[in-house]
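A short write-up of the structure that comes next.
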2 protein chains.
Amino acid sequence: MMSDDQLENREVDYDQFESGDGELGKAERIVEEVGNEIREGKLKEGGRLPSERELAEMFRVSRMTARNALQTLLSGGLIASYPGRGYFVVGDHERLQERHGELLYPDSDMPPVKAEELIKAGSFYEYMMRLGRNPEDVFLETPALVAANEEVTEHLELSTRELVLKRYRLQLADKKPYRLIESYYPSDLFGELLTTKLDKKPLFLWLQERHGLTAAHVNEILIARPANIYERGQLRISPGAHVMAIERTVSAHTGRIIEWARITASAALYTFMYEYDINIWK
Amino acid sequence: MMSDDQLENREVDYDQFESGDGELGKAERIVEEVGNEIREGKLKEGGRLPSERELAEMFRVSRMTARNALQTLLSGGLIASYPGRGYFVVGDHERLQERHGELLYPDSDMPPVKAEELIKAGSFYEYMMRLGRNPEDVFLETPALVAANEEVTEHLELSTRELVLKRYRLQLADKKPYRLIESYYPSDLFGELLTTKLDKKPLFLWLQERHGLTAAHVNEILIARPANIYERGQLRISPGAHVMAIERTVSAHTGRIIEWARITASAALYTFMYEYDINIWK
DNA sequence: GAGTGGTCTAGACCACTAT
DNA sequence: TAGTGGTCTAGACCACTCC
């Protein structure tokens, strides 16, 4: 259908948006204006914004229009809302930087935490501690052996529906939720953990000492999508805000899969970095 | 209304959402119901949904409430809206799967396209052709040599503000925009491309033959954020919809950086896969 | 011309927070 | 008790599409 003259730079169809000389809607104007004030630091981190009703009056619009603008800023993670209190500026430092599963520090003079994302009370805990924040690891369910459902059976490559160790937890820093982690482990390897005290020994380091299995390889599948109502509740984010949904599979040097996890993180709080080699030349 | 006697399972801050026996808002109920009909296939791909006004009548709510529900589905990419026409179901097959920069086919009997993302009219073109769709590569600006700004100078690791080859294009399939790509290349290596016809020879294959430089390594930084008004216009997505913003640096086997690109893709249309090794054990 | 989504208005009631 | 965000209502006008 009409793909003939796709050379050169296009005809119409796409410019109706930026066309009319800054002819933004009223809500968009508020987004630009308030957003710029935040980015320029005129509204400082943690500071409170005018209420919806005040903003409506300031810009001479209805409350719903002011509210729409705030929702736009909200879904971008630039601000946060608290019912009964107001809207507040979110600090840029709150965004996590993750590279190959390792959390990175904003100041490079700090040594990066190693891939202890993969451990009990993992790198998230240490990362936040080093940043002077107060991390928490809240188990939403008590770790337990459960029957693997079809999905878990498949991802852990189990032969039949065996028992697996399930952990389901929420990680927070300074009471602010960062991510939900639902993880599964083969029970023959990890089952005894239910009655073992690890303290802060890395989970996979324990695995290596106890069973001679070395965690070696990670596979991640990553999409961004709007949070559902349950995730919004747990992560304390607003309708329209997005999450990064990650499925992570960890295998040992033998090839055996030793963990499958579903991680759901506030998209506004995350940056990912990946490196890889190109190998089409061989 | 009548929400007085919901003091069932109050307490602790986090359960106010999933608590009360399907006590969702009216908009949320519409999201669930319509969303399920789509996922169950009762509303088939490409099919048209009831209009906002019809939906409002069906669910006995105001138009704004019905509209809010549709916006929620919209921002998740489950449906798409076209002013003057209506809302339509988006096919699941339209989501791209990318792994280490390579696009993957949903049916595994199709061989994956190699990392020709990195080439002229690259893998996107071939990928979509194989899927029987109609790809386009629209240059929003004519490729040209431009003075590198500070950002480009830094990322390409240029010593001074040199000239660089800039390409800025939009990739579409069946008229549907998938991603914006703004890419920069050192002019001493790529400048002659302005007067050279590559046809479909991969850009980096040409580089290897012409200059003996092999593209070897890729670094990607990836975040999800709401599309700004310009991106919404170009990518034809709605307010609240998110994009995956990717900064990609490609270096040659010598370590020299040969491309820096900023890729902005509809988040609803993308799945990413990454693999990497864990190396904390050495 | 009829119907559509996009935007906006001026109200309203609710549960919640702070004091 | 006063103020806040969350939700909803019943209108309205606009630019656009389809016929």
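Here, each number is a calculation from the coordinates, and none is a lab measurement. Because the structure is a prediction, the values reported are computed rather than measured. When we count neighbours, we look across all protein chains shown, and the Cβ atoms used for this are built from the backbone with ideal geometry, even at glycine.
Using the Karplus relation 6.51 cos²θ - 1.76 cosθ + 1.60 with θ = phi - 60°, the per-residue 3J(HN,Hα) values for the stretch B:31-42 come to 4, 4, 5, 5, x, 5, 4, 5, 5, 7, x, 5 Hz, with x marking Gly and Pro. The residues packed around A:Arg53, meaning those with a beta-carbon under 15 Å from its beta-carbon, carry a net charge of +2 if Lys and Arg are +1 and Asp and Glu are -1. Peptide B:161-174 is shielded by partner chain Cβ atoms: per residue, an average of 1 of them sit within 10 Å of its Cβ. Segment B:Glu247..B:His211, full-extension length gain: 10.5 nm, with 0.36 nm per residue of separation and the alpha-carbon distance subtracted. Phi angles across the stretch B:246-260 convert, under the Karplus curve 6.51 cos²θ - 1.76 cosθ + 1.60 with θ = phi - 60°, into 3J(HN,Hα) values of 10, 10, 10, 10, 10, 10, 7, 5, 7, x, 5, 7, 10, 7, 10 Hz, Gly and Pro given as x. With a 10 Å cut-off around each Cβ of B:234-245, the average count of Cβ atoms from other chains is 4. What is the distance in Å between the Cα centroid of the stretch B:160-191 and that of the stretch A:241-277? Between the Cα centre of the stretch B:160-191 and that of the stretch A:241-277, the gap is 30 Å.
One decimal place: the segment A:Lys175-A:Met64 gains 37.0 nm when fully extended, by the rule 0.36 nm per residue minus the C-alpha distance. Per-residue shielding of A:41-47, expressed as the average number of other chain Cβ atoms within 10 Å of the residue Cβ, stands at 0. What does the charge count around B:Leu145 come to, taking other residues whose C-beta lies under 13 Å from its C-beta (Lys +1, Arg +1, Asp -1, Glu -1)? My count for the surroundings of B:Leu145 gives -1.
According to the Kirkwood relation over distinct C-alpha pairs, the hydrodynamic radius of the stretch A:163-276 is 15.6 Å. With R₀ fixed at 41 Å, the C-beta to C-beta distance from B:Met273 to A:Lys26 puts the FRET efficiency at about 0.50. Once the Cβ-Cβ distance of B:Thr142 and A:Glu57 is raised to the sixth power relative to R0 = 51 Å, the FRET efficiency obtained is 0.60.
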